[in-house]
Amino acid sequence: MRIYAERPERVVLQVLADLAVLAWVVLVVVLARAAQAAVLMMDVLARRLTGAGDSISRSFDAAARTASGVPIVGGDLARALGSVTDTGDSLASSGRDLGGIVASTGLAVAVAIVVVGAVPVVAVWLALRLRWVLAARSAHLADPDLLALQALTRRPTATLLRAVGGTRPGGSAGQPGAATSQGLVPPSPDPAGAWRRGDETVVAALAALELRALGLRSPGEQVSPSR
């Protein structure tokens, strides 16, 4: 399965699109982590609240145990100090709950940013790439007549006329020129009519046009050696 085109100009566009999508995803992830870190700054308050509650609870619990040994009023004093200990426990519990809420909120914000910012872009990119892959696969399996028909239904008229203009009968398609003295025929004003008549030269030119639009090479096209 081919995921990149055969023609360099189309490959460059595909690679640039891949890099652009990758850069966008990285940017979105960085922004999501920054937003999560900003939300988690509120966790400092939660930790301080928890620490204060635990400190109060420990201090007054120790004071209550000491006061319980005081004659006559020791029991009442211990109960009074114990109520403050319960308040400290409640404060510490509230701090821990706040810390959990902050952590959950930070994660939810980060996930939401990634889902909203990156997922649609990746989905569109993936859909377009899969569409191209399927089209390229079908084009490689299709015969020239079907490719020519696809070109007639998909390409602008001016492009079709340029593709079939000045073709040498029995020779290569798509060569410009209209000099009949050199064995060339004038540009066909009716590519569709030539296709219906089964003109092999026009069919080959149209098929080559459709493959070229997909970034693919014709079966008989030569690859120029790199210098």
Test: residue in segment 3-21 that is modelled with pLDDT under 90, part of a loop (DSSP other than H, G, I, E, B) and of a type in the set (D, E, K, R): yes
With the first residue restricted to segment 10-22 and required to be surrounded by 13 or more Cβ atoms within 10 Å (Cβ to Cβ), and the second required to be outside any helix (DSSP H, G or I) and among the aliphatic types (A, V, I, L, M), Cβ contacts under 8 Å at 6 or more apart or on different chains are ARG10/LEU214; VAL11/ALA5; GLN14/ALA5
Residue check for LEU45: over 18 Å from the mean Cα position of the chain (by Cα), free of Cβ contacts under 8 Å to residues at least 60 places away in the same chain and loosely packed, with under 15 Cβ neighbours inside 10 Å: yes
Of the conditions (1) surrounded by 15 or more Cβ atoms within 10 Å (Cβ to Cβ); (2) modelled with pLDDT under 85; (3) of a type outside the set (Ser, Thr, Tyr), ALA32 fails just one. Which one is it? (2)
Within segment 70-92, can one find any residue that is modelled with pLDDT of 70 or more and of a type in the set (Gly, Ala, Ser)? yes
How about segment 121-153: which of its residues are surrounded by 14 or more Cβ atoms within 10 Å (Cβ to Cβ) and β-branched (Val, Ile, Thr)? VAL121, VAL122, VAL133
Among all residue pairs at least 6 apart or on different chains, which show Cβ distances below 6 Å where the first residue, located in segment 99-120, is surrounded by 12 or more Cβ atoms within 10 Å (Cβ to Cβ) and the second is among the aliphatic types (A, V, I, L, M) and outside any helix (DSSP H, G or I)? VAL102/MET42
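The values are calculated or read from the model by the stated rules, or taken from the named source; none is laboratory data. Please read these numbers as outputs of a predicted model, since none were measured by experiment. Note that each Cβ is placed from the backbone with ideal geometry, even for glycine, and that neighbours are counted across all protein chains shown.
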